[in-house]
1. Could you tell me whether A144 is in a helix (DSSP H, G or I), touching a residue at least 40 places away in the same chain (Cβ under 8 Å) and more than 16 Å from the chain's Cα centre (by Cα)?
2. How many of the residues in the stretch 35-53 are crowded, with 21+ Cβ neighbours inside 10 Å and under 27 Å from E124 (Cβ atoms)?
3. List every residue pair whose Cβ atoms sit under 8 Å apart, with the two residues 6 or more apart in sequence or on different chains, where the first one lies in the stretch 233-253 and is surrounded by 18 or more Cβ atoms within 10 Å (Cβ to Cβ) and among the small types (G, A, S) and the second, anywhere, is modelled with pLDDT of 90 or more and not in a loop (DSSP other than H, G, I, E, B).
4. Starting from residues that are more than 22 Å from R55 (Cβ to Cβ) and acidic (D, E), keep the ones in the stretch 144-176 and report whichever is least open to solvent (accessible area, probe 1.4 Å).
5. Could we say that L226 is in a helix (DSSP H, G or I), touching a Phe, Trp or Tyr at 6+ places or on another chain (Cβ under 8 Å) and either touching a residue at least 12 places away in the same chain (Cβ under 8 Å) or surrounded by fewer than 18 Cβ atoms within 10 Å (Cβ to Cβ) (or both) here?
6. Considering (1) surrounded by 14 or more Cβ atoms within 10 Å (Cβ to Cβ); (2) within 18 Å of the chain's Cα centre (by Cα), say which one K95 fails and leave the rest.
7. Limited to the stretch 181-221, what total is found for residues that are open to solvent by 70 Å² or more (accessible area, probe 1.4 Å) and either within 13 Å of I259 (Cβ to Cβ) or part of a loop (DSSP other than H, G, I, E, B) (or both)?
8. Would you mind stating whether K62 is of a type in the set (D, E, K, R), under 26 Å from F118 (Cβ atoms) and open to solvent by 20 Å² or more (accessible area, probe 1.4 Å)?
Amino acid sequence: MVRKILQKYGIRGGCHDQHFLIDERSLDSIVDQAELSEKDVVLEIGGGIGNLTERLLEKAGKVYVIELDPALVHVLKDRFSDNEKIEIISGDVLKLDLPKFNKVVANLPYSISSPITFKLFKHEFELGILMYQYEFAQRMVAKANTEDYSRLSVNTHYFADADIIMKIPPSAFSPPPEVWSAVVKVVPRPSSFHVEDPQFFLDLVTAVFLQRRKKLRNAIIKGNHLLNVPNIKQIVAELPDEFMSKRAENLEPHELAEIANHIFKMKATS
């Protein structure tokens, strides 16, 4: 079915980071994981030729599809223009205001996975079933003291619970990408730890992982251009050595939050 659609419209993929999922079982499984009903309003990012879209329309009450490529927008409109449940939005997801939705199901463009993910985290939703490059997905779910633990791991943990639920080979796509893919289940929730100022916390996480091989005191000082804290050396000197002598990759998200909270309070009083 999917191959016939590609042939009908003369779509080959590869442009705009396009790799179309053609494995029917994987497509069905992704939609099943979203547990859709007529009450759900679904956002799909990167509708492509509509191979996932058609399955979403069968089960959801409303589907918003964002697609950048004008040729693919034409395909989507041609295939689904008679369906009242769909709204096709042409444009760059990073520049658009997102509609209201409660679930997001998408094969995300891998080259902009990070900015799309954190844009989604700024919106309220119940569930995300999102496909990423496998290595990116591993970093999303990584724990402290592991090789994949990163800024992405900490920030994801701050906003949501995330689990890899499916690994998909290159052969499931047309054209096949050079990497394996993974489907991640994302469930937003309130943070499990207190943060005085969310943006300052996220900036500190960025700063320390930019210098991930340095001990924390040096990483914070080096990254102060992101924090703009007066007397940063003095403030860092007052922080517990049990934290400062470690590297960012050795600290749990809540420990990084403790450090961010302390520095933020000291910044406010300086």
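The values are calculated or read from the model by the stated rules, or taken from the named source; none is laboratory data. On a predicted model such as this, the values are computed, not experimentally measured, just so you know. All Cβ positions, even for glycine, are placed from backbone atoms using ideal geometry, and neighbour counts span all protein chains on display. Areas reflect the complete protein model, heavy atoms only, side chains present, ligands, DNA and RNA absent. Shrake-Rupley method; radii C 1.70, N 1.55, O 1.52, S 1.80 Å.
1. On the way: in a helix (DSSP H, G or I): no; touching a residue at least 40 places away in the same chain (Cβ under 8 Å): yes; more than 16 Å from the chain's Cα centre (by Cα): yes.
Criteria not met by A144.
2. The qualifying residues number 11.
3. A248/V205; A248/V208; A248/F209; A248/L216; A248/A219; A248/L256
4. From the stretch 144-176, those more than 22 Å from R55 (Cβ to Cβ) are 144-162; that's our starting set.
If we keep only those that are acidic (D, E) too, we end up with 147-148, 161.
Values: E147: 169, D148: 60, D161: 76 Å².
Restricting to residues being more than 22 Å from R55 (Cβ to Cβ) and acidic (D, E), the top hit is D148.
5. Working: in a helix (DSSP H, G or I): yes; touching a Phe, Trp or Tyr at 6+ places or on another chain (Cβ under 8 Å): no; either touching a residue at least 12 places away in the same chain (Cβ under 8 Å) or surrounded by fewer than 18 Cβ atoms within 10 Å (Cβ to Cβ) (or both): yes.
For L226, the condition - in a helix (DSSP H, G or I), touching a Phe, Trp or Tyr at 6+ places or on another chain (Cβ under 8 Å) and either touching a residue at least 12 places away in the same chain (Cβ under 8 Å) or surrounded by fewer than 18 Cβ atoms within 10 Å (Cβ to Cβ) (or both) - is not met.
6. (1)
7. The total comes to 8.
8. Details: of a type in the set (D, E, K, R): yes; under 26 Å from F118 (Cβ atoms): yes; open to solvent by 20 Å² or more (accessible area, probe 1.4 Å): yes.
Answer is yes for this residue.
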